[in-house]
Ligand SMILES: Nc1ncnc2c1ncn2[C@@H]1O[C@H](COP(=O)(O)OP(=O)(O)OP(=O)(O)O)[C@@H](O)[C@H]1O
Ligand SMILES: [Mg+2]
């Protein structure tokens, strides 16, 4: 089973120099506002993904007034152990290693230590733009399949290049262009492969997420989740090229590629209406958990062991019954290690004791 046994954080956000060992399946991280609870979860996330959950850039992660940071974690891995180290050098260069072996590309690390984070702002997944939902789907597929990550990076770069080519053509008043043709073909190859993987995943993932919602919320609320695919399953690269040729006039006018997998979305409905319009805050949060727990199970199934679960401030907005259902599910039923933050130690201990979880509490000072 994947377990984080020990972490060291040096000059990472407010953790100037923190060392901590973990022995139990459930780790409660308590302390007042601003104590560094979320930052510690983010340090764990960083060790799994070589990036922060909350910001794209590494700069803001460096402890104010210092240069560079160092994170190191010892993970008990099924049948082995690994020490993962991520260093941001003073010159901004990032170096990540696995048992002292430096990665040639940090993306090679993604997926080796699967983890699922659930943070308060994640409710954007339900109420925010489609990009947040594509990120969920892509994040999951990237952890399962290094090729997907590679193809996605290539796709995104080609899409940018195609868009800037469209812009140049529109400005020059050109309607045909050899480079655009090449970019369109290469983009279509990536897009159809990625679309196929998304279709494969979501056919199984969305029904499973619907079941998870029932587990948390009870049987009376009907959620309908569906994949709004911009590229139908089975579309070939040449069909997509032909489609983009038909769309060329529109794309030149807009100066961007107006259709493709970068426009995919998930439709989320409650009792036949858009979730973001009618669901209460607790219902939104329940759906968020349902999606994330499905991600968790999917990773567990495909990796052969449970991912780490990082729960930041999950107590807000859930009623007692939903909270109880959820905590039992993740802290007792699920086999993986869980890190869970709360400002109220008493409340957390009471909840964890009530479900007979195997837990320890780490108290951070404000
Ligand atoms: N780069 C940085 N250098 C130093 N301190 C930082 C840096 N980035 C964030 N902080 C500090 O970290 C603290 C926030 O930590 P964190 O978000 O982990 O708190 P928390 O314990 O989760 O609090 P809450 O209960 O409010 O969620 C803030 O006081 C912030 O000023
Ligand atoms: Mg916090």
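The values are calculated or read from the model by the stated rules, or taken from the named source; none is laboratory data. Keep in mind that this is a model prediction, so the values were computed, not measured. Every residue, glycine as well, gets a Cβ built from its backbone with ideal geometry; the counts of neighbours run over all protein chains shown.
Numbers for the structure displayed
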read-out: Residues (touching a residue at least 60 places away in the same chain (Cβ under 8 Å) and either in a loop (DSSP other than H, G, I, E, B) or not assigned by TED's automatic domain parsing to the domain that holds residue 92 (or both)) located in the range 49-73; value: 50, 53, 54
read-out: Flag if residue 37 is buried (at least 18 other Cβ atoms within 10 Å of the Cβ), within 15 Å of ligand 1 (Cβ to nearest atom), within 20 Å of residue 343 (Cα to Cα) and within 20 Å of the chain's Cα centre (by Cα); value: yes
read-out: Condition broken by residue 272, with the remaining ones in (1) surrounded by fewer than 22 Cβ atoms within 10 Å (Cβ to Cβ); (2) touching a strand residue (DSSP E or B) at 6+ places or on another chain (Cβ under 9 Å); (3) at pLDDT 95 or above satisfied; value: (3)
read-out: Complete set of residues in the range 318-359 that are over 22 Å from the mean Cα position of the chain (by Cα) and within 16 Å of ligand 2 (Cβ to nearest atom); value: 343, 344, 345, 347, 348
read-out: Hits in the range 7-46 - residues which are closer than 22 Å to residue 314 by Cα and either free of Cβ contacts under 8 Å to residues at least 40 places away in the same chain or part of a helix (DSSP H, G or I) (or both); value: 37, 38, 39, 40, 41, 42, 43, 44, 45, 46
read-out: Odd one out for residue 60 among (1) surrounded by 12 or more Cβ atoms within 10 Å (Cβ to Cβ); (2) within 16 Å of ligand 1 (Cβ to nearest atom); (3) farther than 30 Å from residue 297 by Cα; value: (1)
read-out: Matching residues, the range 299-326, being at pLDDT below 90 and in a helix (DSSP H, G or I); value: 320, 321, 322, 323, 324, 325, 326
read-out: Any hit, the range 245-255, residues being within 20 Å of residue 191 (Cα to Cα), within 23 Å of the chain's Cα centre (by Cα) and surrounded by 14 or more Cβ atoms within 10 Å (Cβ to Cβ); value: no
read-out: Given (1) out of contact with any strand residue (DSSP E or B) (no Cβ under 6 Å at 6 or more places or on another chain); (2) under 18 Å from residue 212 (Cβ atoms); (3) part of a helix (DSSP H, G or I), index of the condition residue 296 fails; value: (1)
read-out: Matching residues, the range 329-354, being crowded, with 17+ Cβ neighbours inside 10 Å, assigned to a helix (DSSP H, G or I) and either away from ligand 1 (no atom under 16 Å from the Cβ) or modelled with pLDDT under 90 (or both); value: 329, 330, 331, 351, 352
read-out: Test: residue in the range 59-73 that is within 16 Å of ligand 2 (Cβ to nearest atom) and modelled with pLDDT of 95 or more; value: yes
read-out: Within the range 45-58, considering residues that are in contact with a strand residue (DSSP E or B) (Cβ under 6 Å, 6 or more places away or on another chain) and within 15 Å of ligand 2 (Cβ to nearest atom), the one nearest to residue 109 (Cα to Cα); value: 45
read-out: Members of the range 135-190 that are within 18 Å of residue 238 (Cβ to Cβ) and surrounded by 20 or more Cβ atoms within 10 Å (Cβ to Cβ); value: 155, 158, 162, 180, 183, 184, 187, 188, 190
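For (1) part of a helix (DSSP H, G or I); (2) within 24 Å of residue 272 (Cβ to Cβ); (3) out of contact with any helix residue (DSSP H, G or I) (no Cβ under 9 Å at 6 or more places or on another chain), each residue gets a yes or a no:
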{"site": "215", "(1), (2), (3)": "yes, yes, no"}
{"site": "219", "(1), (2), (3)": "no, yes, yes"}
{"site": "230", "(1), (2), (3)": "no, yes, no"}
{"site": "239", "(1), (2), (3)": "yes, no, no"}
{"site": "256", "(1), (2), (3)": "no, no, no"}
